[in-house]
Amino acid sequence: MKYGHLFACILLGMLIFPQHGDTSPRPDFAIPARMTGVASGSLDSTGNVVQNTNRILALLDQFQSITETLYRLQTPDLYRLATGFRLVLDSLVESGSPIFQALSNAARLSSGNITTVFDGIRRSINATIALNELHQSVINGTGLLLGSAGVRNISIVLDQLVRNVANLSTTLDEIEPTLVELQQLSRPSQSVVDSQYPRNGIRKLNGILLDYVNIGQSTVPQINAVVNRIRMMDGFIARLASVTSGLQNYLNSSLIAVNGSVYSGVQQRLQTSIRTIRTNFNASVTATTRKLKLFFLDDLDTVRTVARNASGLLVQRLTNVTQSLDELVNRTTVRMEGRESEWVMNRTIAAVSGLAWRLALTVTSSVPGADTCFARYNYEFDKLPRLIYGTLSSCGQQEVRTLQSVASALAAYLGVVQAQLDAETNQYNQCLSGVVPSSSDELRLQRAVCLQGAERISDIWGGTVVDNQLSAFEGLMHDEVNYSAERHHQCVRTSDQLMIAEVKNLWSAIASCLH
């Protein structure tokens, strides 16, 4: 009994579950039987719907993976120029994938309303066809990036693909009535299905799908080449931007260093020389008035009066000279203007960047010979701004050395002022040499007369000579600052002229290469 029960169960299972093998029915287009060329098999080597739609979906994935790299462009302007091309390809994938995925799914259905399924596919097809005009308009706007030939090639592909899906819709219309009739049969046998299913329509459907595959396969290398050229130019422009940005920073640092050298080696040196004169004159006057104070209480009225007058005059001279020297220190400023150098560097970067863009667009537009010319000249774009940076930096450094020599000469000139002030205090010291309050009246009176002469000399030198010398120094300093600015201007102007000539030479070489 136990074995009889087991046998009954096995027999029941064989009756209920279909057996897998060549004779078992396979669902195709909601028909519970196999139709060669739909989910399996092939008609005249055209393959089957599932196989061909999967190949199309794989191609669309390739399109998407290629264009995804355009989202990672580093150059904002190039990203903007590539936006239209990228959006069209994205739209092509987004509108095409639902069509072929739905067709692949339909080919594997075992039941359901095939009309409803086909209606959904036709709506997707109609939406894709409706997008073609927008796609064409957007692609036409990418002429600057792709060139007229590139735009024309992509436009042709778009037209081919839209005609293909339109033919697909027509073919679905042709095979749908027969499929509906087969669905209305009650459990049609495989032989009935083989005798009635739309063999020619299925063959035509697969032919259309294969056409899409062929169009896509021939287009992938073309799109890949366009995207690779765009990415290569993106790297080129980004590299050049990095180089020029670095050179701008180096120039700014160079100008700061130059002005640091001018400040410490020229301005501070002159200011220190002026302050040294003040310090030395203060020390000399202080020492001299200390000697004069010994005679402030002299018993001879003449000596006492002359000593006090001489001390007061020297103190007043010290005040006047100190004030003049302090004011001169404040007016002693030497600085090298850097705006002109920055202007030339900015002009250089703008000119080189503009030239780089012209070359980049010839490459992305597939101008004949552009790839070769780019390979030959692209690193010249890095060299040119480096050359101009070098000349501008040299202009500043050369002028620093010149100004330092000038500062040495001006500092030597200040030595004349120092000698003049020393001579002034020496007049008083000579009068006071060898005399003390206890010296004879005759000697003290004689030295009083000497001091009166020294006072007259102070009046002359204080009112005219030293002031004139300081004014002359300031005039010389201003002249040298102006000469320095003119020398630097001429040097920077030469750099600008060099830049213009080099840019013209580079573009001339590229133009010759292209033609």
Accessible surface of the chain, 1.4 Å probe, proportion on carbon and sulfur as whole %: 54
Spin-label proximity, ILE66 to the range 207-244 - amide N less than 11 Å from point 7 Å beyond Cα toward beta carbon: 216-229
GLU455, GLU68, ranked by accessible area, largest first (probe 1.4 Å): GLU68, GLU455
Whole-number accessible area per residue in Å² for the chain, which is evaluated in the context of all protein chains at 1.4 Å: 49
Candidate values (1) 48.9, 168; (2) 26.4, 88; (3) 28.4, 112, label of the one derived for Rg and Dmax of the Cα atoms in Å: (1)
Simple Cβ-charge dipole of the range 239-512, Lys/Arg +1 and Asp/Glu -1, about Cα centre, in debye nearest 20: 660
GLU94 versus ALA241: modelled label distance in nm, points set 7 Å from Cα along the beta carbon direction: 2.6
Convex hull of Cα atoms in the range 260-313, direction-averaged projection (nm²): 3.9
Mean separation of Cα contacts under 8 Å (6+ apart) over length of the range 49-197, as relative contact order %: 24
Length gained when the stretch PHE296-TYR379 is fully extended (0.36 nm per residue, less Cα-Cα span): 21.4 nm
Ratio of the Cα radius of gyration of the range 49-197 to 2.2 N^0.38 Å, where N counts its residues: 1.31
Solvent accessible area, Å² - LEU144, 1.4 Å probe, full protein context: 110
Percent RCO, i.e. relative contact order, over the chain, from Cα pairs under 8 Å lying at least 6 residues apart: 16
Residues THR286 and GLN404, FRET efficiency given R0 of 41 Å [Cβ-Cβ distance, rounded to 0.05]: 0.75
Among TYR377, MET345, ALA283 - extreme Cα towards positive end, dipole of the chain, charges at beta-carbon: TYR377
Inter-probe distance in nm under a simple model that places probes 7 Å from Cα toward Cβ, at SER253 and ALA225: 4.4
Zero-based 5 Å bins, Cα pair distances in the range 239-512, whole percents: 1, 5, 11, 11, 9, 8, 7, 6, 6, 5, 5, 4, 4, 4, 3, 3, 2, 2, 1, 1, 0, 0, 0
FRET E, pair ASN330, THR494, Förster distance 35 Å, beta-carbon r, rounded to 0.05: 0.50
Distribution of pairwise C-alpha distances over the range 188-319, 10 Å bins, in %: 9, 12, 10, 9, 8, 8, 7, 6, 6, 5, 5, 4, 4, 3, 2, 1
Positive-end extreme of charge dipole, the chain - chosen from THR244, LEU179, TRP507 (charges on Cβ): LEU179
Separation in nanometres of the label points that stand 7 Å from Cα toward Cβ, at ARG123 and SER508: 6.7
Probe 1.4 Å, all protein chains present, accessible-area order of ILE215, ILE121, ILE129, largest first: ILE129, ILE215, ILE121
Kyte-Doolittle at least -0.5, axis length at least 20 Å by Cα - qualifying DSSP helices, the chain: 2-16, 49-68, 76-107, 114-140, 143-184, 199-262, 301-331, 339-364, 380-432, 441-460, 466-514
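The values are calculated or read from the model by the stated rules, or taken from the named source; none is laboratory data. Computed from a prediction, not measured in an experiment: that's the story for all the values here. Neighbour counts run over all protein chains shown; Cβ positions are idealised from the backbone, glycine included. Only protein heavy atoms, including side chains, enter the accessible area calculation; ligands, DNA and RNA are left aside. Shrake-Rupley method; radii C 1.70, N 1.55, O 1.52, S 1.80 Å.
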